[in-house]
Structures are given as C-alpha cells and as structure tokens.
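Asks: Quick one: the structure is below, questions incoming.
The values are calculated or read from the model by the stated rules, or taken from the named source; none is laboratory data. Computed from a prediction, not measured in an experiment: that's the story for all the values here. Glycine also receives a Cβ, built like all others from the backbone with ideal geometry; neighbour counts cover every protein chain displayed. SASA here: full protein model, heavy atoms, side chains in, ligands and nucleic acids out. Shrake-Rupley method; radii C 1.70, N 1.55, O 1.52, S 1.80 Å.
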Amino acid sequence: MVLKIISAEKILFEGEAASVTLPGEMGQFTVLPRHASLVSTLVKGKIKYSEATERHEIEVDGGIVDIDNDVVSVCIY
C-alpha cells in the first residue's frame, strides 16, 4: 500500500509500506494492505510504519487519516 505523511511544512514520507500503526481517538489501530475505507482523527502519539525491512516512527501532536484504495494519507500537525 502507499503511505503519505504530510505536514503543513513538508512531505515527511511518501512510499510503499507493509503496515501503519496510528494513534486514533479511540486508541491505536493498524492498517494493512487492502484495508477498508476509513477516515479518522489522530491524537498525540507515534505513527509507526514498516517498509520492506525497516521500521520507522514519527511523533505527532494530532491530525487526520484517510484510507482508500490501498492509499493511506496522513495529515499531521
């Protein structure tokens, strides 16, 4: 799936990801390929994602995520 993590200043990541874990309003949730369409708000926490062999974390204060057609678009603040 394609992951895009965007802030007001720059694109933090854009590329293929095997999984993404996000800090949702109701708790953390993980997105895998072919996930159902979803829009959610994010709270302060860490976005964790893995590429083929690497794992990454980004600290965020909040934001929104849109998941549709194997594209995960995250706008953070």
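Asks: Taking only pairs six or more apart or across chains, which ones have beta-carbon atoms under 6 Å, a first residue in the range 6-19 that is under 16 Å from GLY63 (Cβ atoms), and a second residue that is modelled with pLDDT of 95 or more and not small (Gly, Ala, Ser)?
Replies: ILE6/CYS75; SER7/ILE76; LEU12/ILE5; PHE13/ILE5; GLU14/LYS4
Asks: Give the range 1-15 a look and list any residue that's more than 15 Å from ILE67 (Cβ to Cβ) and part of a strand (DSSP E or B), or say none. Break it down stepwise before answering.
Replies: Of the range 1-15, the ones more than 15 Å from ILE67 (Cβ to Cβ) are 7-15.
ILE11, LEU12, PHE13, GLU14, GLY15 - these are the residues of the range 1-15 that are more than 15 Å from ILE67 (Cβ to Cβ) and part of a strand (DSSP E or B).
Asks: List every residue pair whose Cβ atoms sit under 8 Å apart, with the two residues 6 or more apart in sequence or on different chains, where the first one lies in the range 52-63 and is at positive phi and the second, anywhere, is in a strand (DSSP E or B) and modelled with pLDDT of 95 or more.
Replies: Within 8 Å, the pairs are GLY62/THR41; GLY62/LEU42; GLY62/ILE76; GLY63/THR41; GLY63/LEU42; GLY63/VAL74; GLY63/CYS75; GLY63/ILE76.
Asks: Pull up the range 47-71, narrow it to residues that are open to solvent by 20 Å² or more (accessible area, probe 1.4 Å) and among the aliphatic types (A, V, I, L, M), then point me to the one that is modelled with the lowest pLDDT.
Replies: Taking the candidates together, the pick is ALA52.
Asks: What residue, among those in the range 27-46 that are over 18 Å from GLU59 (Cα atoms) and not charged (D, E, K, R), is most open to solvent (accessible area, probe 1.4 Å)?
Replies: Step by step, filter the range 27-46, then rank; the result is VAL39.
Asks: While we're here: Kindly evaluate ARG55 against the criterion of being farther than 17 Å from ILE76 by Cβ, of a type in the set (Lys, Arg) and in contact with a strand residue (DSSP E or B) (Cβ under 8 Å, 6 or more places away or on another chain). Talk me through it step by step, then tell me what you get.
Replies: Numbers: farther than 17 Å from ILE76 by Cβ: yes; of a type in the set (Lys, Arg): yes; in contact with a strand residue (DSSP E or B) (Cβ under 8 Å, 6 or more places away or on another chain): yes.
Spelling it out, ARG55 is indeed farther than 17 Å from ILE76 by Cβ, of a type in the set (Lys, Arg) and in contact with a strand residue (DSSP E or B) (Cβ under 8 Å, 6 or more places away or on another chain).
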